Amino acid sequence: MMDNGPFHSGELAVQERLGVREEIGPWASKVVRPFLPDQHRAFYGQLPFLVAAARDQQGRPWATLLTGPPGFTRTPDSRHLLIDARPLPGDALEGQLVPGVELGLLGIELATRRRNRVNGRIEGVGAQGLLLEVGQAFGNCPQNIREREWQWAAPAAEPPSAVRSPILTERMRARISAADTFFIASGHRGEGEAAAYGMDASHRGGSSGFVRVEGESRLVFPDYAGNNHFNTIGNLVADARAGLLFLDFERGGMLQLTGRTAIDWDSPALAEHPGARRLVIFELDSAVELPGVLPIRWTSRDSSVRSLRIVDKRRESRDVVSFTLAAGEGGVLPEFEPGQHLPIELEIPALRERVRRTYSLSNAPGEGVYRITVKREPLGVASRFLHDQVDVGARVSAGTPAGDFVLAPGSRPVVLVSAGVGVTPMVGMLRDLVARKDERSVLFVHAARDGEHHALGHEVRALAEARESITSHVVYSRAAAGEEHGRPSDHAGRLDAERLAALMPGTDVDVYLCGPVSFMTEIRAGLEARGVSPERIHSEQFGPRG
C-alpha cells in the first residue's frame, strides 16, 4: 500500500472531491498520531464513559457505551489503553470484544465539549479489562455538542430485557425524532496492514429533530462542516455499513442500530437542512433497544438558558462583528473565566428548531456583560443571521459560559498566539491580565490575511501601549508590512514556529494557541522541537461555525 499518511482511500477520495487534500496533507500526520500524548492520557483517565465502535461476528458495525467510575480507563503507556468495562447484557456487542477485534473509541466530555478519538486493536482481555493497542489518536473540533452534566444513578434491579427488531418501532422512532445527539460507528479495512484501517466512533449533534425518520427503516441526517479529515464520511464511501447509537440521557437507555448508508452530496433535499454540507441516508438492518441499563444519567444545561439583550453591535473587520450582551431583565450575569465560550440559541425565521452555536467570549470577567465576536461564514446559517438581521435591542438565548481553555495561574511569561478569528479568546485573556494588573510579561502574536481582515487589532494595540510588560506583534499573509488600511503589521508572510520562537522570551513560558488546526499543529510541533514543554502549550481549535 502507498504511504498516504493517516488516511485510507475512502478518506482521500472525499478530500479530493471536496478540494481540501492539498490543505490537509502537509500537517495531518502531526495531528493524527500513533500514540496518546500526555494530555490525552489524562483526559481518558477522568471520564466515566467511552463510546465504542466494533463489528459483530457478521461484520456489522455497532456503537455502544462502556462505563465505569473515573479511572476505569487507564494508560499503562502512551501506546495502550486499559478499559475496565464490558458491553452490558443484551448489548449488540456483548461477547464481541475479544483479542484481535478492531475497536474505535470516542472520549467525550459533554459538559466541556472536549473530545478525543482513538482506534486500534484489542490486544488482550483479562481480569483488569480490555487492553487496546493504539493505532491512531487525534482530537476533534468541539462543534454541535449539547452540553450536559452527568451523575451516577443505579439502574433498575431488573431492567427490561433487550428488544431486538428488524424495523424501527413506534417508540424507537419517537426517540430518534426527539434526539439532538447520536454516535456513529464506521470503519474500513483494505488489503494488507495500515494504521488508517480500523473502526471509528464519532459524535453527531444538532437541534432536536435533526435526524429525520422516514418510515420504519430509513433515517436521513445532515453532515455539517468539521475538521476536513472526513474520517466518518470517508469510511462510508469505502464501506457503506454503519452503526448508530441513540441515548436516553434522562433514563439511561440505549438504542443501537446497524445498517447501510448512502451519501447525498448535493440534491435539492440539502436545502431542508440549513447548514448541512451533505446528507447521509441510513437504511436499517437491525435494532437493539436496552431501556434503563446505564448507571449514568445526564442533565441538559438548557435549564440555565436565559434571555440576553444585545446592547452593542460593532464591526471589527471586513467579516467579523462583535455583539455585547447584557442580562435581559437587568440582574447579574454568571461570571466566567477568560478564554471560555458562550453557548447561544437563535430563533431564525423559517427554521423549525432553534439554532445552537458556541462562540468564544472576547471580553474579560468582571465587566458585567458578555461579548462574542463572530466571523461571517459564507454558508453559515447562524453567523449570516447575526451579521445581517440581528441589531441592538434584539434578544438571544444563552447558556452558562463553559470550557477549560483558560489562563493558568503562575509567574511564567504568557505567550498568546492566534490566527484569524481565533483571536477572540486571546483578547479576553489579555483584557483580564490587564484588568487584574497581573505582573507577568505578555507576548501577543496574531496572524491575519491583511488589515481588512484583522479583527480587534485596535484593542490589542491600545492594551499593549498602556502596559510596558505587553508586546504585540502582527503578521499579515497577503499584504506588505505596514501597508494595509492604516493597520500596520510587523511582518508580511506566514507566522511559523521559527518566527514565533525568535520573539519569545525563552522556552519557560505558558503558550496559548487558537486558530485553524493546521496552524496550531505546526506551531505546537515547532515549539516542542525548540524545547517548550508540551504541558506548557494550551490550545483551542475551531472549524467553520456556521
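Bear in mind these aren't lab numbers, they're just calculated from the coordinates by the rules spelled out. Predicted, not measured: the structure shown is a model, and the values here were computed from it. We place every Cβ from the backbone using ideal geometry, glycine too, and count neighbours over all the protein chains shown.
Some notes on this structure:
- Residue-span extension gain [SER533 to ARG354] - 0.36 nm each, minus C-alpha spacing: 60.2 nm
- When +1 charges are put on Lys and Arg Cβ atoms and -1 charges on Asp and Glu Cβ atoms, the dipole computed for region 224-268 relative to its Cα centre reaches about 140 debye.
- In terms of the mean number of neighbouring beta-carbon atoms within 10 Å, the peptides 235-245, 526-536, 409-419 order highest first as 235-245, 409-419, 526-536.
- Computed E for ARG494/GLU193 - FRET, C-beta separation, R0 51 angstrom, nearest 0.05: 0.90
- Calculated from the alpha-carbon coordinates, the chain shows an Rg and a Dmax of 23.5, 73 Å respectively.
- DSSP finds beta bridges in the chain, and of those with both partners inside it, around 80 percent are antiparallel.
- Between ASP404 and GLN96, the modelled label-to-label distance comes to 3.0 nm, taking each label 7 Å out from Cα in the direction of the beta carbon.
- Maximal additional length on extending the THR112-VAL392 stretch stands at 97.8 nm, based on 0.36 nm per residue less the C-alpha distance.
- In the chain, the longest principal axis of the Cα atoms and the axis of helix 423-435 are about 60 degrees apart.
- Taking the number of Cβ atoms within 10 Å of each Cβ as an exposure proxy, the fewest-first ranking of MET199, MET254, MET172 is MET172, MET254, MET199.
- Think of each Lys and Arg Cβ as +1 and each Asp and Glu Cβ as -1; about the Cα centre, that makes the dipole of region 301-398 roughly 260 debye.
- Projecting the Cα atoms of ASN235, GLN96, ILE176 onto the charge dipole of region 9-299 (Cβ charges, centred on the Cα centre) puts ILE176 farthest toward the positive pole.
- Given their separation in residues at 0.36 nm each and the Cα-Cα distance between them, THR507 and THR169 gain 115.7 nm when the chain is fully extended.
- Region 289-360 versus region 391-425: alpha-carbon centroid distance in Å: 14 Å
- Distance in nm between pseudo-label sites at ALA157 and GLU123 (7 Å out along the Cβ direction from Cα): 4.3 nm
- Using the Karplus relation 6.51 cos²θ - 1.76 cosθ + 1.60 with θ = phi - 60°, the per-residue 3J(HN,Hα) values for region 381-390 come to 5, 6, 5, 5, 5, 4, 5, 8, 10, 9 Hz, with x marking Gly and Pro.
- Using only side-chain charges placed at the Cβ, +1 for Lys and Arg and -1 for Asp and Glu, the dipole size of the chain relative to its Cα centre rounds to 580 debye.
- The chain: relative contact order as a whole-number percent, Cα under 8 Å and 6+ apart: 12 percent
- Residues GLU272 and GLN58, FRET efficiency given R0 of 41 Å [Cβ-Cβ distance, rounded to 0.05]: 0.75
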